[in-house]
Every structure is written in C-alpha cells, then in structure tokens.
Amino acid sequence: MPDSPFVVHYADAVEARGLLNQADTILGVVGFGTARPDFLPPSCPFIASPLAPAAGGAMFEIWSAAAPCRPITVGPVMGACTDQLAFGAVTIDEAGSPSLEAAVEAAYLGIFDFLDATGFAAPIRIWNYLTEITEDDNGLERYRHFNVGRHQAFTARLRQPLPPAASGVGGHQGASVIYFLAAHEPALAVENPRQVSAYAYPPIYGPRSPSFSRASVHALGEAETLFVSGTASIVGHKTRHEGDLDGQIAETIENLRAVIGAGERAASGPLGDHWAFKVYLHDSLYRDTVDRAIDAAFGPGSQRLYLRGDMCRAELLVEIEVFRHFELGARRS
Ligand code: 3EB
C-alpha cells in the first residue's frame with residue numbers, strides 16, 4: 001500500500017490535544033465552534049471557521065504531513081509547508097474593504113502572494129466559509145458577490161487551466177475565511193458526468209460562475225488522494241427535490257458515486273482507502289438520517305465531521321464532501 005504524504009483528522013478537543021504531541025508535522029488546524037485553543041503551539045497555523053459542529057462541543061480539522069512542517073506567514077495568510085505541500089488560511093477582511101467582492105478578491109490575491117512566496121504554484125483544494133451566505137447585499141446574494149471576487153482573482157493569478165476542488169458554505173460565527181492546500185503541480189481536475197461544470201453554470205446563478213472543479217486527484221509519488229468538492233442535490237445545473245430531505249440525500253449520494261467513479265477512472269493507481277466525509281446540514285436534526293445513508297452507500301468506518309451550514313442555494317438541505325487518503329507515510333526528514 002502506498003503512503004499518503006498528508007492526512008486529515010477530525011478530532012474533538014481531547015483527541016486534538018493528543019495529535020498535537022506531534023506538533024512539528026502539523027500543516028494546519030481549523031476550528032469549528034471554537035477560537036484558537038490554548039494547547040495549540042503559537043507557530044501552528046490555525047483558523048476559526050464561521051461554521052459550528054452540528055452537535056456537541058468544539059471540533060478540529062487537523063491536516064498532518066509525513067514530514068516536518070515549517071510555519072510561514074505571508075501578508076495576511078498564515079500557513080506551513082513541507083517540501084511537497086503547503087497549507088494556508090486567511091480571514092476575509094470585509095470591515096477593511098469597500099465591498100464583499102473587493103474583500104474576497106483581496107483575500108485570494110493574498111493567497112496567490114503566499115503561493116508565489118513559498119514556491120507552490122498550485123492550489124489543490126480550497127474551502128470557502130462565508131458568513132450570511134444567502135443574505136442580500138445591494139440586490140445580489142452574498143455568495144454571488146463572492147463568486148465575482150474569486151473569479152477576478154483567479155483570472156488574474158491562477159496558473160492552471162481549471163480551478164481546484166472546493167467547498168463554499170455559509171456560517172454565522174465571526175468572519176468569513178478561506179483555507180487551502182497547495183502543491184507544486186496542479187491536481188488532475190475531475191468533473192461529474194451528472195452535473196454541469198460549476199464554472200460553466202448559466203448566468204441565472206449570478207454574474208460570474210463558481211470557480212471550482214467537482215473533484216481532483218492529487219498524486220505524489222505512489223500515493224494518490226481524491227478530493228471531492230462539496231456535493232449537493234444538483235443535476236445538470238438545477239436543484240432537485242426541493243423541500244424533500246430524503247430525496248436530496250439520495251441524489252447527493254448518486255452525485256458522490258458518479259464523481260468518485262470519475263475520479264477512480266482518472267487516477268493512474270488506486271485512490272486512498274481511508275475516507276473522510278465532511279457533511280454540511282441545514283438543520284442539525286438531519287444528522288442521523290445522513291449518517292445512515294452514508295453507512296448504506298459507502299460502508300461504516302469512515303471519519304465524519306457534521307457541521308451546521310447554510311448552502312449557497314437556500315433550498316439545499318445538505319452538502320457532502322469527501323477526502324480519500326492512505327495511511328500517513330513514514331516520517332522523512
Ligand atoms: C454546487 O454544486 C453547490 O463555490 O466553491 C459546492 C462546492 C458549491 C463548492 C464553491 C459551491 C462551491 O454548486 C455549491
């Protein structure tokens with residue numbers, strides 16, 4: 001079995017403390033329902049997400065590498081890198097910007113400055129967590145303003161033909177944030193045969209399309225990892241099963257199967273056998289229903305992080321992303 005050069009853990013505070021005994025190999029930590037915890041070493045990159053766990057106390061998303069990580073801050077972007085990978089995180093500074101679009105564009109330009117300074121040309125996975133995502137701002141939804149700012153920055157600075165895999169979800173605590181993983185080479189972009197590519201959505205969804213690929217396969221040495229973007233009950237470009245939770249869950253799982261199948265066909269070797277699901281729920285009460293559906297479709301025994309999130313279309317009740325990796329590789333120095 002190949003070793004992955006990086007892995008994710010979804011951990012509660014007790015587990016997170018344990019994992020932080022290996023602090024020198026942590027790329028970055030994302031907090032859900034928590035500010036920066038005292039037990040985190042000051043050099044360790046951390047960002048507080050505006051999304052909270054669907055139930056229970058604080059949760060942490062911890063990205064670890066097989067090699068020691070060097071912390072590095074470039075402008076507003078705090079991150080860390082190994083020779084092969086970088087993690088970075090930035091807060092979208094709305095208070096200091098004339099508009100949300102300008103704030104998003106500036107945040108992304110900061111990310112590209114970080115990538116240039118660290119020598120990592122290629123973002124391979126991006127998470128966009130916006131506050132009040134479906135609220136109106138001067139006649140246009142905030143998510144749609146966000147898409148304009150992202151599109152402008154990508155047009156100016158993204159040095160690959162297709163955008164990376166991503167998630168775009170809303171929350172209500174603190175500021176909007178973006179965090180990302182990057183590498184030297186772009187991941188292989190994968191689309192979903194059941195869905196119109198998001199970057200080709202028609203203009204009814206806003207002046208600029210969302211810039212993300214449905215999934216991506218990232219190969220480093222023998223190990224191939226699969227990132228599946230946030231996936232919902234959308235077929236073609238239209239929402240299906242409005243007001244019907246079971247219908248949306250079933251359609252979302254069909255979409256996951258289709259895009260995972262496309263990823264498997266695009267990969268040149270086996271994809272990671274450790275599955276990590278991140279699930280965004282319009283209502284925390286959906287948790288058990290979704291959990292059972294994931295068990296039935298993909299088997300038990302995967303990591304799962306359930307968050308309370310607002311989808312970028314108000315009628316979407318659930319959105320699911322996946323990351324597949326192998327065991328963490330032997331430590332190399
Ligand atoms: C969709 O399929 C649902 O704007 O980065 C999913 C993943 C969604 C990423 C993004 C949005 C984004 O259009 C929404």
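The values are calculated or read from the model by the stated rules, or taken from the named source; none is laboratory data. Keep in mind it's a predicted model, so treat the numbers as computed, not measured. Cβ coordinates were reconstructed from backbone atoms using ideal geometry, including for glycine residues, and neighbour counts include every protein chain displayed. When the accessible area is computed, the model is the full protein with side chains, heavy atoms only, and any ligands, DNA or RNA have been set aside. Shrake-Rupley method; radii C 1.70, N 1.55, O 1.52, S 1.80 Å.
Counting only heavy atoms of the protein chains and using a 1.4 Å probe, residue 238 has close to 120 Å² of accessible surface. Each helix, a run of at least 4 DSSP H residues, gives -39500 (n - 2.57); summed and divided by the residues of the chain, these come to -7500 deg cm²/dmol at 222 nm. If R0 equals 30 Å, the separation of the Cβ atoms of residue 222 and residue 14 corresponds to a calculated FRET efficiency of about 0.35. Sorting 246, 12, 38 by solvent-accessible area of protein heavy atoms yields 38, 246, 12, largest first, with a 1.4 Å probe.
Using R0 = 30 Å, the C-beta based FRET efficiency linking residue 117 and residue 38 works out to 0.50. At an R0 of 45 angstrom, the distance between the Cβ atoms of residue 273 and residue 136 translates into a FRET efficiency of 0.55. For residue 25, the solvent-accessible surface computed with a 1.4 Å probe is close to 10 Å², ligands and nucleic acids excluded.
Note on the range 1-17 and the range 292-333: Cα centroid distance 13 Å, given to the nearest whole angstrom. At the residue level, residue 273 shows approximately 80 square angstrom of accessible surface with a 1.4 angstrom probe and all protein chains present. Roughly how many Å is it from the Cα centre of the range 35-50 to that of the range 204-264, as a whole number? Using only Cα atoms, the two centres lie 30 Å from each other. Each Cα pair under 8 Å and six or more residues apart adds its separation to the average, and for the range 115-175 the resulting relative contact order is 53 percent.
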